[in-house]
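Peer 1: Below is one structure. I have some questions about it.
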Amino acid sequence: MKAGSNLEKILEKGQFAVTCECGPPKSASGDVIRQKAKMIKGKVDAANITDNQAAIVRLSSFAAATILMQAGIEPVMQVTARDRNRLAIQSDLLGASAVGIRDVLLLTGDHQKLGNHPEAKGVFDLDSIQMIDMARRMRDERKFQNGEQMDVPPKLFIGAAENPLAEPAEYRVPRLEKKVVAGADFIQTQGVFDIERFEKWMAAVRAKGLHKKVHIIGGVVPLKSLGAAKFVNDKVLGMTVPDSLFERMKKASDAKAEGVKIAVETIEALRKIEGVQGVHIMAIEWEEKVPEIVEKAGLLPRPAV
Amino acid sequence: MIVGERKSVTEILEMTKGYDRIFVAGCGTCVTVCLAGGEKEVSVLSSLLKINGKKQGHEVKVVEGTIERQCEREWVGEMKDKVRDAEAVLSMACGIGVQLVAEMYPEKPVLPALNTTLMGFPTQHAIWLENCRACGDCILHLTGGICPVTRCAKQLMNGPCGGSQNGKCEVDSQTDCAWALIYYKLKAMDRLDWMSKIQPPKRWDIAGHSGPRKTVKEEEVVP
């Protein structure tokens, strides 16, 4: 065990993991996180706390992850390179470990120009691959990025993201390999809608044997409405909704129920793909639907490890 | 070359307000080529200042002059008579020129007529693309001659981010994704192996994040 987190144990045992996303509020309300925690308690193995998601200022991921943990849910603390340099990132990783946060997801981050403070200076001191490499060295070699030694290294289960459908498409697997070499323990993918394309990507992942070196968790984005499908397709970076799903959302008499149904079908399809070890449900501002989706997908109760 | 563009008329009139003898100083090198601060632009701006003066009911005496380079002491030294006779110098050089003029004539207000925008080359007539940030540690030999420090909005060193779509950047769908360009270039060169190596964190200290940098050519320095 590298960090001994719940998520790590489940993945290491070869059980199918379930994580979800939990976005902190655009305010100082810790209660919002506590309420979300109540909704998902016992339904997921860990929940991601996003870090100024979409470059919009929110309650910090460190604080929100701490609140979530206090509410009895294992947090996956997301850390982006957009807002922090190598000093701040290392400092946050040490702090996270000290308070008991084990799972981290290290990301480059959406560009600040796309968020609500587009005039901000972006940091991008490191990129995601350099962050992963740095976190692994901190944990395994007790070394700071500059090579200095530390007494007590952080206990971290290191996650990374990958968008199988971004471009250049043929570079996506080599890029994943770079993240694995850098030290990623698990991967959460961008939301999958086009199973066929995702399967092709997984085949290429397996051809390189990467599914044996890193735990791959497939992303699922439940669609709340036809408008949400359009939003995801047009506005969310690197996600495309196939026409067939647009049609289904359009024809559905109950769009929300149809969205849940599509999510459940996606989970079932992902489960059948060799090398996919879990699902990450990103029900953006729709966290209350997570229990229903997990249940309908036959993933309850969650294993106690 | 260094590219600049003229500030708005409003801004220039605001900063020249109160001066009745102005020396509009052009620069004959980069900003002449990028159509921002050469002889022609000096003449246009000078007329504008005069007309505005008349509108305000007083005469503004404007002297024009364009030297070869405002970033070299020898040339800037030649401006001394015109500078002496003026209350203020309105420099149409890049920020480097403005600063050298200000340093060499410390008693005179030196006003910037341009915004210095980038270092780059033209992609077509009258359109310039930024290509270099002078980061002090060139890696163009590894990236097919395309600079990710300048052309990637996140200055990534290890390949494209998850927002790269249709060969374009997530920040602006009109801007090429630098790493898509690099990928296809290296692929054509059969050197994709250059992208599989993990590039270590960049030294931003020498990229301009530790105060002004200095380049010294030891053997040429006169003690």
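The values are calculated or read from the model by the stated rules, or taken from the named source; none is laboratory data. All values derive from a computational prediction rather than experimental measurement. Neighbour counts are summed over all protein chains in view; Cβ atoms, including those assigned to glycine, are modelled from backbone coordinates with ideal geometry. When the accessible area is computed, the model is the full protein with side chains, heavy atoms only, and any ligands, DNA or RNA have been set aside. Shrake-Rupley method; radii C 1.70, N 1.55, O 1.52, S 1.80 Å.
Peer 1: If A:Asn233 satisfies all but one of (1) open to solvent by 50 Å² or more (accessible area, probe 1.4 Å); (2) modelled with pLDDT under 95, what's the number of the condition it fails?
Peer 2: Result: A:Asn233 passes all but (1).
Peer 1: What single numbered condition from (1) surrounded by 13 or more Cβ atoms within 10 Å (Cβ to Cβ); (2) over 18 Å from the mean Cα position of the chain (by Cα); (3) touching a residue at least 40 places away in the same chain (Cβ under 8 Å) fails to hold for B:Cys30?
Peer 2: (2)
Peer 1: Quick one: is B:Glu41 within 15 Å of B:Lys7 (Cα to Cα), open to solvent by 20 Å² or more (accessible area, probe 1.4 Å) and part of a helix (DSSP H, G or I)? Step through it out loud before you land on a result.
Peer 2: On the way: within 15 Å of B:Lys7 (Cα to Cα): yes; open to solvent by 20 Å² or more (accessible area, probe 1.4 Å): yes; part of a helix (DSSP H, G or I): yes.
Yes; evaluated as a whole, the condition is true for this residue.
Peer 1: Here is a further query. Please indicate, with yes or no, whether at least one residue in the range A:78-96 is within 30 Å of A:Arg271 (Cα to Cα) and among the hydrophobic types (A, V, I, L, M, F, W, C). Steps first, please.
Peer 2: Let us first name the residues in the range A:78-96 that are within 30 Å of A:Arg271 (Cα to Cα), namely A:78-80.
Those still in the list that are among the hydrophobic types (A, V, I, L, M, F, W, C) too: A:79.
Yes, the range A:78-96 contains at least one residue that is within 30 Å of A:Arg271 (Cα to Cα) and among the hydrophobic types (A, V, I, L, M, F, W, C).
Peer 1: Please go through the range A:140-170 and pick out each residue that is buried (at least 21 other Cβ atoms within 10 Å of the Cβ) and over 19 Å from the mean Cα position of the chain (by Cα).
Peer 2: Those that are buried (at least 21 other Cβ atoms within 10 Å of the Cβ) and over 19 Å from the mean Cα position of the chain (by Cα): A:Pro154, A:Glu167.
Peer 1: Filter the range A:123-134 down to residues that are at the interface with chain B (Cβ under 7 Å from one of its Cβ atoms) and of a type outside the set (A, V, I, L, M) and give me whichever is nearest to A:Ala55 (Cα to Cα). Quick ask: steps written out before the conclusion?
Peer 2: Of the range A:123-134, the ones at the interface with chain B (Cβ under 7 Å from one of its Cβ atoms) are A:124-127, A:129-130, A:133.
Among the residues that remain, those that are also of a type outside the set (A, V, I, L, M) are: A:124-125, A:127, A:130, A:133.
Numbers: A:Phe124: 13, A:Asp125: 16, A:Asp127: 16, A:Gln130: 20, A:Asp133: 24 Å.
Here the residue is A:Phe124.
Peer 1: Further question: Restricting attention to the range B:159-183, which residues are more than 21 Å from A:Lys121 (Cα to Cα), within 7 Å of chain A (Cβ to nearest Cβ) and either open to solvent by 20 Å² or more (accessible area, probe 1.4 Å) or not in a helix (DSSP H, G or I) (or both)?
Peer 2: B:Gly159, B:Gln165, B:Asn166, B:Gly167
Peer 1: Note down all Cβ pairs under 7 Å where the first residue falls in the range B:200-214 and is at pLDDT below 95, the second is outside any loop (DSSP other than H, G, I, E, B) and surrounded by fewer than 14 Cβ atoms within 10 Å (Cβ to Cβ), and they're at least six residues apart or on different chains.
Peer 2: none
Peer 1: Turning to a different aspect of this structure: When you scan the range B:91-114, do you find a residue that is closer than 26 Å to B:Ala36 by Cβ and within 14 Å of chain A (Cβ to nearest Cβ), even just one?
Peer 2: No, the range B:91-114 contains no residue that is closer than 26 Å to B:Ala36 by Cβ and within 14 Å of chain A (Cβ to nearest Cβ).
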